[in-house]
1. Regarding residue 34, is this residue in contact with a Lys or Arg (Cβ under 9 Å, 6 or more places away or on another chain), at pLDDT 95 or above and under 20 Å from residue 130 (Cβ atoms)?
2. From the list 111, 74, exactly one residue is surrounded by fewer than 17 Cβ atoms within 10 Å (Cβ to Cβ), more than 15 Å from the chain's Cα centre (by Cα) and closer than 16 Å to residue 19 by Cβ. Which is it?
3. Can you pull out the residues in the stretch 76-105 that are part of a strand (DSSP E or B), closer than 20 Å to residue 29 by Cβ and not polar (S, T, N, Q)?
4. On the basis of being touching a residue at least 12 places away in the same chain (Cβ under 8 Å) and among the charged types (D, E, K, R), does residue 54 make the cut?
5. Applying the selection to the stretch 90-99, what residues are surrounded by 13 or more Cβ atoms within 10 Å (Cβ to Cβ) and among the charged types (D, E, K, R)?
6. Every residue in the stretch 23-51 that is touching a helix residue (DSSP H, G or I) at 6+ places or on another chain (Cβ under 7 Å) and assigned to a loop (DSSP other than H, G, I, E, B), please.
7. Of the residues that sit in the stretch 22-44 and are crowded, with 18+ Cβ neighbours inside 10 Å and within 16 Å of residue 4 (Cβ to Cβ), which one is farthest from the chain's Cα centre (by Cα)?
8. Look at residue 83 and say whether it is under 18 Å from residue 4 (Cβ atoms), touching a residue at least 60 places away in the same chain (Cβ under 8 Å) and surrounded by 14 or more Cβ atoms within 10 Å (Cβ to Cβ).
Amino acid sequence: MGHPRLAVDGVLILDGKLVTVLRGQPPFVGMHALPGGGVELGETTERAMMREMEEETGLLTHIVRVVGVYSDPKRDPRGHTVSVAYELRRVGGKLKAGTDAADVDLVDPVKLPAMAFDHATIVADFMRGGRNIS
């Protein structure tokens, strides 16, 4: 039996808009998603988040806070994946699509388009100030 994979997802607001990527790889090809991806062996989740944000959006960021930890075994159709979601702050770089992102888009965080995975839930938790555990 395998183990859950560890991933990161990032919430970054620029001028009141949420930075999203349009997925270029399955699952959810063409859908909006938060920038993020898998944590590499020997890498902290914080470093993975900043790396993934730069790779997918061209932006240099710093971590502000943890939004929440998302561990529903069904959140990713490829298999059980636990994600640590972070709020980030831009410190440099130029917004452009990279690696497996088909494009980048700035969207209204209150009126989200259809989002991949459980990313709409992550954004809603961010907008409320953090994840509520019940």
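The values are calculated or read from the model by the stated rules, or taken from the named source; none is laboratory data. Every value quoted in this text rests on a predicted model; they were computed, and no experiment measured them. Note that we place each Cβ from the backbone using ideal geometry, even for glycine, and neighbour counts take in every protein chain shown.
1. Taking the combined requirement at face value, the residue does not satisfy it.
2. The conditions single out 111.
3. 101, 102, 103, 104, 105
4. Yes; evaluated as a whole, the condition is true for this residue.
5. Result: 90, single match.
6. 34, 35, 39, 40 - these are the residues of the stretch 23-51 that are touching a helix residue (DSSP H, G or I) at 6+ places or on another chain (Cβ under 7 Å) and assigned to a loop (DSSP other than H, G, I, E, B).
7. 39
8. Details: under 18 Å from residue 4 (Cβ atoms): yes; touching a residue at least 60 places away in the same chain (Cβ under 8 Å): yes; surrounded by 14 or more Cβ atoms within 10 Å (Cβ to Cβ): yes.
Against the criterion (under 18 Å from residue 4 (Cβ atoms), touching a residue at least 60 places away in the same chain (Cβ under 8 Å) and surrounded by 14 or more Cβ atoms within 10 Å (Cβ to Cβ)), residue 83 qualifies.
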